[in-house]
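J.: Quick one: this structure, given as structure tokens, is what I'll be asking you about.
The values are calculated or read from the model by the stated rules, or taken from the named source; none is laboratory data. This is a predicted model, so every value here is computed, not measured. Note that each Cβ is placed from the backbone with ideal geometry, even for glycine, and that neighbours are counted across all protein chains shown. Please note that ligands, DNA and RNA were not included when accessible areas were found on the heavy atoms of the full protein model with its side chains. Shrake-Rupley method; radii C 1.70, N 1.55, O 1.52, S 1.80 Å.
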Amino acid sequence: MSTFFEDTQKFVKEAVEAAHIPGDILAKLEKPDKVLEFEIPVKMDDGSEKKFQAWRVQHNNALGPYKGGIRFHPQANLDEVKALAFLMTLKTSLAGIPYGGAKGAVRVNPGALSVREVEELSRGYVRALWQEIGPDKDIPAPDVGTNAQIIDWMADEYEKLLGHPAPGTFTGKSLAHGGSQGREPATGFGGFVVLREFLNLGSTNYQLPTTGLTVAVQGIGNVGSFFARSLLRDTRMKLVAVSNSKGGVYREGGINIGAAMKNPKDLSAIEGSRITNEELLGLSVDVLALAALENSVTEQNAGSVEVGIILELANGPVSYGADVFLAQKKVHVVPDILANSGGVVGSYFEWVQNRAGESWSEEEVLGKIETVLEEASKKVLGYAREKNISLRYAAYALALERVAGAMKNAAQSGVENI
Ligand code: NAD
């Protein structure tokens, strides 16, 4: 099976056929601008010292400062970080926000560390690369395994090293430390907006029911749970299945979203039949939202998928091989760089507020995210129809064209981007 990194390269290669990208610019885009690789020493609670492997990959900044989350995960590796950084470049470009793409990671299981050890690791990450980041240079955020508390520690460490406040260097901070209302639900809510827009604009070869549209969510974590909650905004949609890493629940008549949201880590109290994650993937539903990790649907299990639409809320949950197979089965895959871009758009609005010294309401932030994502969804669907290509290739091609345009302009004006 190919890796997530190899699959991202294959998706880009095919999208390039639809986009108009000069060869020299493509060659430059295929490599990240900078790869920082380092070890973070942490004094453990038992007195020993442990070193954790860490990375920051700055992929491209033709459209603005590098932007991307930091992941704490036991299987994190450089190839994965490179693929995620590339996807960030595409995501920010597609959303039309003034950022480039980056990603960071530490190979660690944060759940196995004490709170003090996680704090030391988070501060250590910043001590290793603080000169490479900043509000106009590279703006990190949380990702899998990291949260607002970790980002608060990182922001605090950065300002200590810098010697003065630097709001807007990190996004995804807690509200008490300059975070934004609406940042937490942003990704899940954004996924809902994209899905709704796709349904409203209609699709050519999939007849969706006008009411009782059934939805299953794999991975009811941060993104999955806010997506599920957002479904309550549209009476056409009915949540029928949810899962987490331990397994899932299915209920034909609909899952009580409020009950599921009370404790997404323990689904045992939710009314419905217990199902495995494989069974969830095989459910015959209208929409399957994938909100866990990459490579959930691969060539091995794509044959059992019986849905009309897959919404990629996670990054890279459908492998390249599965994508080819699903396209033949006429399953519409709404790609990650559109479906989960509410997160980075929300981050952008946090950064704007920090720089302007303002604080907006959740309603205002979500309203702005909605406008950006409706626009991006319309563009992707329009392009897919015009060129008769999948939503994924339309999204990638549009994103690549915008970055390539900025790189070309910079090269012509002598600015150092290419
Ligand atoms: P999270 O850790 O809060 O949630 C992940 C969920 O997936 C958890 O419920 C976990 O139990 C579940 N899970 C793990 N393995 C599973 C499996 N094999 N089967 C079913 N469920 C499984 O993480 P998150 O922040 O919600 O992020 C989820 C995905 O969305 C990641 O790919 C992340 O990169 C992507 N994403 C997140 C954001 C954001 O704002 N948090 C933004 C863009 C993209």
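J.: Given Cα positions, please report Rg to Rh for the range 206-269, the hydrodynamic radius being the Kirkwood one.
T.: Numbers: Rg = 11.4 Å, Rh = 11.9 Å.
Here Rg/Rh amounts to 0.96.
J.: Expressed as cubic angstrom per residue, what is the convex hull volume of the alpha carbon set of the range 280-418?
T.: Cα convex hull per residue, to the nearest whole number: 150 Å³.
J.: Could I ask something else about it? If the range 31-176 were replaced by its equivalent ellipsoid, with semi-axes equal to the square roots of 5 times the Cα gyration tensor eigenvalues, what would those be, largest first, whole Å? Can you show the working numbers first?
T.: Numbers: eigenvalues 117, 59, 33 Å².
Output for the range 31-176: semi-axes of 24, 17, 13 Å.
J.: Residues of the chain: accessible area per residue at 1.4 Å, in Å²?
T.: Numbers: 17030 Å² over 418 residues.
Each residue of the chain exposes 41 Å² on average to a 1.4 Å probe.
J.: Show that you can apply the helix-only estimate: for the chain, add -39,500 (n - 2.57) for every DSSP H stretch of four or more residues, divide by all residues, and state [θ] at 222 nm to the nearest 500.
T.: Numbers: 14 runs with 185 residues, N = 418.
Theoretical 222 nm ellipticity from helices: -14000 deg cm²/dmol.
J.: If the limit is 22 Å between Cα atoms, which of 67/262; 13/82; 28/408; 137/408 go over it?
T.: The answer is 67/262.
J.: If packing is taken as the average count of other Cβ atoms within 10 Å, what order do 113-126, 260-273, 306-319 fall into, highest mean first?
T.: Top of the packing list down: 306-319, 113-126, 260-273.
J.: In whole Hz, what ³J(HN,Hα) sequence does the range 338-353 give by Karplus (6.51, -1.76, 1.60; θ = phi - 60°), x for Gly and Pro?
T.: So the J values, rounded to whole Hz, are 9, 5, 10, 6, x, x, 6, 5, x, 4, 4, 5, 5, 4, 4, 5.
J.: Using the Karplus equation 6.51 cos²θ - 1.76 cosθ + 1.60 (θ = phi - 60°), what ³J(HN,Hα) coupling, rounded to whole Hz, does each residue of the range 289-305 give in order, writing x for Gly and Pro?
T.: Whole-Hz 3J(HN,Hα) from phi for the range 289-305: 9, 9, 10, 9, 9, 5, 6, 7, 10, 10, 4, 5, 10, 4, x, 8, 6.
J.: For the chain, with all protein chains present and a 1.4 Å probe, just round the carbon and sulfur fraction of the accessible area to a whole percent. Walk me through the intermediate numbers first.
T.: Working: 8380 of 17030 Å².
The value for the chain is 49 percent carbon and sulfur by accessible area.
J.: Of the DSSP beta bridges with both residues in the chain, give the percent that are antiparallel, rounding to the nearest 5.
T.: Counting DSSP beta bridges with both partners in the chain, the antiparallel share is about 45 percent.
J.: Additional query: Counting residues in the chain as N, plug N into 2.2 N^0.38 Å and put the Cα Rg over that result.
T.: The chain yields a ratio of 0.95.
J.: Please label the shape of the range 341-413 as rounded, prolate or oblate, based on the square roots a ≥ b ≥ c of the eigenvalues of the alpha-carbon gyration tensor (a/c under 1.5 means rounded; beyond that, a/b larger than b/c means prolate, else oblate).
T.: Since a/c reaches 1.5 but b/c is at least a/b, the shape of the range 341-413 is classed as oblate.
J.: Same structure again: Give the shape of the range 275-326 as rounded, prolate or oblate, defined through the alpha-carbon gyration tensor: a ≥ b ≥ c are the square roots of its eigenvalues, a/c under 1.5 means rounded, and otherwise the shape is prolate if a/b is larger than b/c and oblate if not.
T.: Here the range 275-326 falls in the rounded category.
J.: Right, next: Taking every pair of distinct Cα atoms and averaging 1/r, then inverting, what Kirkwood hydrodynamic radius in Å comes out for the range 220-315?
T.: Details: mean 1/r = 0.0743 Å⁻¹.
The answer is 13.5 Å.
J.: Apply the Karplus parameterisation 6.51 cos²θ - 1.76 cosθ + 1.60, with θ equal to phi minus 60°, to every residue of the range 47-63 and state each ³J(HN,Hα) to the nearest whole Hz, in sequence, with x for glycine and proline.
T.: After applying 6.51 cos²θ - 1.76 cosθ + 1.60, I find x, 6, 10, 10, 10, 10, 6, 9, 9, 9, 10, 9, 7, 7, 10, 5, 9 Hz.
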